[in-house]
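Here, each number is a calculation from the coordinates, and none is a lab measurement. A quick note: this is a predicted structure, and the numbers were derived from the prediction, not measured. Here Cβ is always computed from backbone atoms with ideal geometry, including for glycine, and neighbour counts include all displayed protein chains.
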Amino acid sequence: MSDLRAEAEALDGKDELAAKREEFVLDETVYLDGNSLGALPANVPGRLAEVMTHEWGELRIRSWSESGWWTAPERIGDRIAPLVGAAPGQIVVGDSTSVNVFKAVVAAVRIARDPGNPSGGRDEIVVDATTFPTDGYIAESAARLTGCRLIPVAPGDVPGVLGDRTAAVLLNHADYRTGRLHDLPGLTAAVHAAGAPVVWDLCHTAGALPVGLDEHGVDLAVGCTYKYLNGGPGSPAYLYVREALQPRFDSPLPGWNSHAEPFGMRAEFEAADGALRGRVGTPDILSMLALEASLDAWDGVSIDAVRAKSLALTDFFLRCVGAYVPTGRVESLTPAAHAERGSQVALRCEGAGDVMRRLIEQGVVGDFRAPDVLRFGFTPLYVSFGDAERAARILARTLA
Ligand SMILES: Cc1ncc(COP(=O)(O)O)c(C=O)c1O
């Protein structure tokens, strides 16, 4: 056995999260795509069957109250909260990340221009120029709707463009292509120093590392639940609104679900109190309850332990790639510094699309991002050091 293979075995032997893998439906495949779609938690099919047969099939409409369907968005938000460092009452689950980006950015501009805020004529929205495209498209539309100018800049350059015209800033906690982790505490403080609110997109960090929303005074945040939170394909996203800002959160999508008295059927809108101002229409209950069941996997898990394993896995994978892959065939885009690394490794590689197709044929599933990036996501709840070693070995064979 090679030294690295033996080392992987030893690392797996002392991994305190190793037993978690049994809680997921996995096979021999090396699954390194949990940063796109998390694996299926084994308890979800049974829970969904119960929801279908009993809650929908037998109780029917009674389930909105008797099975807790109506309050699911806030209840499940409170289960996500500890994973992103938020106290209860600040997160609602529902809609897609894209829709929540829209709500958050427009609401942030309205907060910045609130008459109670001395920041009057703010007319610039700053957006991460390297963002996942949907955030950029929505920021551009939000800018047009609010009469703002859009300023796309790389996250590291954000402090240089902030000022008294800044109305809102939309940033990604981790870059979806390279896995680079951005400085959430530092950038949040810089945006606040300019008197503006910040919106963070947590899609690539929630469930992979500590986020510390409350600790760092983040104003608004959004994220998906189908990556490291394993909620299932198209599972609903979430919206965090800091408690102190909730009275000023003026949603651009006020629906009957965010009304103070939803069943009053009143013609005038009156916003509910709290995070449920972020709700819009009828929640997608089946997806939502699948997500709720999937969150059981986090019981007893410390996010610090997850982060420690994530860094150990990505370090080990990079070492294996360095040892096995012929020099010059791949270039790591993932920062070497832990403080700048999310939970994925991105390798630039000639013919990356074809290479990934061949890896998948050999049972190593990552993904390809145009034009030349191989992405490997490391989900600490179910990826082992043995997986990391095998993936690097098969990558080397494929490139040989
Ligand atoms: C950083 C980021 N933001 C937004 C999205 C899109 O989310 P949704 O499809 O839920 O709108 C993704 C999807 O992968 C993403 O990675």
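Simple rule: put +1 on each Lys or Arg Cβ and -1 on each Asp or Glu Cβ in the chain, find the dipole, and look at Thr379, Gly121, Cys203; the Cα lying farthest toward the positive end is Gly121.
Based on DSSP H segments of at least four residues, each scored -39500 (n - 2.57), the chain has a per-residue ellipticity at 222 nm of -10000 deg cm²/dmol. Using R0 = 22 Å, the C-beta based FRET efficiency linking Asp299 and Leu40 works out to 0.80. Fewest neighbouring Cβ atoms within 10 Å first, the residues Leu17, Leu59 line up as Leu59, Leu17.
Work out the length of the dipole vector of the stretch 1-104 about its Cα centre, built from +1 on the beta-carbon of each Lys and Arg and -1 on the beta-carbon of each Asp and Glu, and round it to the nearest 20 debye.
On the way: 10 positive and 18 negative charges, 123 e Å.
Using Cβ point charges on Lys, Arg, Asp and Glu, the stretch 1-104 gives about 580 debye.
Couplings for the stretch 165-181, taken from phi via the Karplus curve 6.51 cos²θ - 1.76 cosθ + 1.60 with θ = phi - 60°, read 9, 5, 9, 6, 10, 10, 10, 9, 5, 9, 6, 5, 8, 8, x, 5, 8 Hz in order; Gly and Pro are left as x. Maximal additional length on extending the Ala87-Asp3 stretch stands at 25.8 nm, based on 0.36 nm per residue less the C-alpha distance. Take the alpha-carbon centre of the stretch 152-185, take the same for the stretch 306-379, and report the distance between them in whole Å. Answer, in whole Å: 24. Hey, if you put +1 on the Cβ of every Lys and Arg and -1 on every Asp and Glu Cβ in the chain, which of Ile360, Cys224, Gly38 ends up farthest toward the positive end of that dipole? Final value for the positive-end residue is Ile360.
The GluC sites (Glu not before Pro) found in the stretch 1-87 that occupy coil by DSSP, while having at most 12 further C-beta atoms within 10 Å, are Glu16, Glu28, Glu58.
Suppose we keep just the DSSP beta bridges with both residues in the stretch 165-251; what percent of those would be antiparallel, to 5? Present the calculation step by step, with values, prior to reporting the outcome.
Details: 5 of 12 bridges.
Beta bridges within the stretch 165-251, antiparallel portion: roughly 40 percent.
Once you list every other residue whose beta carbon is under 14 Å from the beta carbon of Ser141, what net charge do they have if Lys and Arg are +1 and Asp and Glu are -1? All intermediate terms of the calculation are to be shown ahead of the outcome.
On the way: positive: Lys103, Arg144, Arg149; negative: Asp135, Glu140.
Every neighbour counted, the sum reads +1.
Gly77 sits among other residues whose Cβ lies under 13 Å from its own Cβ, and their net charge, with Lys and Arg +1 and Asp and Glu -1, is -1. Taking the C-alpha atoms only, the angle from helix 184-193 to the longest principal axis of the chain is near 30 degrees. For the stretch 50-57, putting each phi into the Karplus relation 6.51 cos²θ - 1.76 cosθ + 1.60 with θ = phi - 60° gives couplings of 5, 4, 5, 6, 8, 5, 8, x Hz, in residue order, rounded to whole numbers and with x for Gly and Pro. In this Cβ point-charge picture (+1 for Lys and Arg, -1 for Asp and Glu), the chain has a dipole of about 700 debye about its Cα centre.
Work out, step by step, the length gained on full extension between Arg319 and Arg357: first 0.36 nm times the residue separation, then minus their alpha carbon distance; give nm to one decimal. Mind showing how you got there, number by number?
Details: separation 38, 0.36 × 38 = 13.68 nm, distance 2.31 nm.
Answer, rounded to one decimal: 11.4 nm.
By per-residue mean of other Cβ atoms within 10 Å, what is the highest-first order of 225-231, 284-290?
Numbers: 225-231: 27.7, 284-290: 20.0.
Going from most to least packed, we get 225-231, 284-290.
If you wrap the stretch 49-298 in the convex hull of its Cα atoms and look at it from every side, the mean projected area works out to 13.1 nm².
Sorted by packing (mean other beta-carbon atoms within 10 Å per residue), highest first, where do 181-188, 92-99, 325-332 land? Write out the running numbers ahead of the final one.
Details: 181-188: 19.1, 92-99: 23.2, 325-332: 13.5.
Top of the packing list down: 92-99, 181-188, 325-332.
Farthest toward the positive end of the dipole of the stretch 144-198, out of Leu187, Cys148, Ala168, is the Cα of Cys148, where the dipole comes from beta carbon charges about the Cα centre. Whole-Hz Karplus values for the stretch 25-37 come out as 8, 9, 10, 6, 4, 8, 9, 10, 10, x, 7, 10, 9 Hz, taken residue by residue from phi with 6.51 cos²θ - 1.76 cosθ + 1.60 and θ = phi - 60°; glycine and proline positions read x.
Under 5 Å between amide hydrogens, built in the peptide plane, is the criterion, and for Gly223 it picks out Leu202, Tyr238 among residues at least 5 positions away or on other chains. Helix 3-13 and the longest principal axis of the Cα set of the chain meet at an angle near 50°. What is the list of residues in the stretch 361-400 whose amide nitrogen lies under 19 Å from a point 7 angstrom out from the Cα of Thr327, following Cα to Cβ? Answer for this model: 396-397, 399-400.
Counting other C-beta atoms within 10 Å, which of Thr134, Thr71, Thr146, Thr379 has the fewest, and how do the rest follow?
Details: Thr134 16, Thr71 12, Thr146 20, Thr379 29.
By the 10 Å Cβ count, ascending, the order reads Thr71, Thr134, Thr146, Thr379.
Taking only C-alpha pairs under 8 Å that are 6+ residues apart, what is the relative contact order of the stretch 49-298 in percent?
On the way: 498 pairs, mean separation 58.4, N = 250.
This gives 23 percent for the stretch 49-298.
Each of Ile360, Ile76 has some number of other Cβ atoms within 10 Å of its Cβ, and from fewest to most they run Ile360, Ile76. Please compute the length gained on full extension between Ala193 and Glu28, using 0.36 nm multiplied by the number of residues separating them and subtracting their Cα-Cα distance. Here the segment from Ala193 to Glu28 would lengthen by 54.3 nm. When both the stretch 189-260 and the stretch 1-38 are represented by their alpha-carbon centers, they are found 30 Å apart.
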